[in-house]
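Read-outs throughout are calculated quantities, based only on the coordinates presented, and are distinct from any laboratory measurement. Worth saying up front: this structure is predicted, and the values here are computed from it rather than measured. Don't worry about glycine lacking a Cβ; one is built from the backbone with ideal geometry, like all the others, and counts go over all protein chains shown.
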Amino acid sequence: LDGGLADNIGLRGPYAALSSDASPWSVLSKINQGSIRRVVVITANAKTKASHDWDHRRRAPGLLNVLGFVSSGPMDNYSFDTVQMVRDFFTQMNADAQSWNLCTARINASCPAAATDDQLPVVDFFAVELSFDAVDDEALRSCLDNLPTSFALPKPTVDLPRVVARSLLMGSKDFRAAMGMIDSAWTPSPVTIDPSLRAEVCATSPPR
């Protein structure tokens, strides 16, 4: 088994950088120093939900099918928890900063002798998740969910998820909000999924 069971979407490292100042690559340290005002985390979650015809067969699923299903369940749950953990961290960070700054302002107003100018920075956080679940086209989503996972894939099978990911990124409200804050003149680039590419890939990825 590879490292997927431990961190299938590679988000634990960035989370550690965001939530701890105990490393030289800590983002939290730079936030506390006031040198970072915006943080954008883009997560590429390539989980799939392959279709199975087990309920149409008299025989039980084979050992490899069962092992694959059992191993993918914990990975999907762990990935969901990690993405949600990052989102919750962003929310809590700004809630803490706003509470601290509000308390400081009230202390300064009611007790000038104890006045302080300590303020926590309020950072603009954006958590962008790209996953096949967000694909509106049901037929395309089913095709993507049934793509094989392998170290060697045909070029079209690689190209289709890449262009779909770009389409999801340009359509993400969180990404648009982040880019609009960074550059008010920014507009999302149009993304077109080549029908011939889609047809070629989806014709060779039947439900498993």
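Once you sort the root eigenvalues of the Cα gyration tensor of the stretch 103-185 as a ≥ b ≥ c, which label holds: rounded (a/c under 1.5), prolate (a/b larger than b/c) or oblate (the other case)? The shape class here is prolate.
Taking θ as phi - 60° and the Karplus parameters 6.51, -1.76 and 1.60, the scalar couplings of the stretch 146-151 work out to 9, 5, x, 10, 7, 6 Hz in sequence order, x denoting glycine and proline.
The label-point distance for residue 163 and residue 40, in a model that sets each label 7 Å from Cα toward Cβ, rounds to 2.3 nm.
When only DSSP loop residues count, what trypsin sites (Lys or Arg not before Pro) in the stretch 86-157 have their Cβ near at most 15 other Cβ atoms within 10 Å?
On the way: sites: 87, 106, 141; in loops: none.
Those that pass, being in a loop and sparsely packed, number zero.
Quick one: net charge around residue 156, please, counting Lys, Arg +1 and Asp, Glu -1 for every other residue with C-beta under 11 Å from its C-beta. Result for the neighbourhood of residue 156: 0.
Assuming a viscosity of 0.692 mPa s and a temperature of 37 °C, what translational diffusion coefficient in µm² per second does Stokes-Einstein assign to the stretch 138-203, Rh being the Kirkwood radius over Cα pairs? Diffusion coefficient, whole number: 245 µm²/s.
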